[in-house]
Amino acid sequence: MGSRVLALDTILSATLYFAGEWQPELKRNQSRDLMRFLICRLYDMGRGQLVGAQLTLAQGTLARKMGLSRQWIGILLARLQAAGWVECYAPTLDDGMRGSTIFRVGRQFKRLLMMLGKAKPRKKPIRSAANTCWRFSPTTTEKKQLLIQHKEQQPPNEEVLSRLPLLRLWLGRGEEKNSYAPHA
């Protein structure tokens, strides 16, 4: 399939489209909802690599998460397995009971992944004209500039004004009553 990891939304949209195209009986059916759930979990377990990833989950747990009955989950899994989208089996435990079901991608799903992997990626990402980087807090450089601007807007302290009488006069310009002007 290649070394590049496919995005989950690409895999999901292609899977849901081709599941209906290749198996029309899965077109409007809860099997697709179950398949979407399993793909998301397998994608997470395989860290983006679906081939070789496996998920262990009890059918009862799966039924609770999907809001369906365990029996209906079994029927939907049988449909998906017959169509080749998933492989699943429940190992027999020492006491004769069935353990949690182990899920993997099926041959039809691998076919889809190969098809997606062979598609040529875009040569370079499209950049928008606007800056898409949102900054909610200022960077250190911006903080320094804001501090300098704040200091520039503050009047000098009395000690500086006493040493520079011309500055005191200049700062007092435009006032109606010139309190800084020397008395004549």
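Quick notes on this structure:
- Amide H contacts of residue 86 (H built 1.01 Å from N, under 5 Å, at least 5 apart or other chain): 81, 106
- Highest mean packing first, where packing is the average number of other Cβ atoms within 10 Å per residue, the peptides 95-102, 74-81 line up as 74-81, 95-102.
- Neighbour net charge for residue 112 - beta-carbon separation under 13 angstrom, K R +1, D E -1: +3
- Per-residue Cβ neighbour counts within 10 Å put 173, 104, 64 in the sequence 173, 64, 104, beginning with the fewest.
- Exposure proxy order (Cβ contacts within 10 Å, fewest to most) of 151, 110: 151, 110
All of the numbers you see were taken from the coordinates with simple rules; none came from a lab. Bear in mind that the values here come from a model prediction, so they are computed numbers and not experimental data. Glycine also receives a Cβ, built like all others from the backbone with ideal geometry; neighbour counts cover every protein chain displayed.
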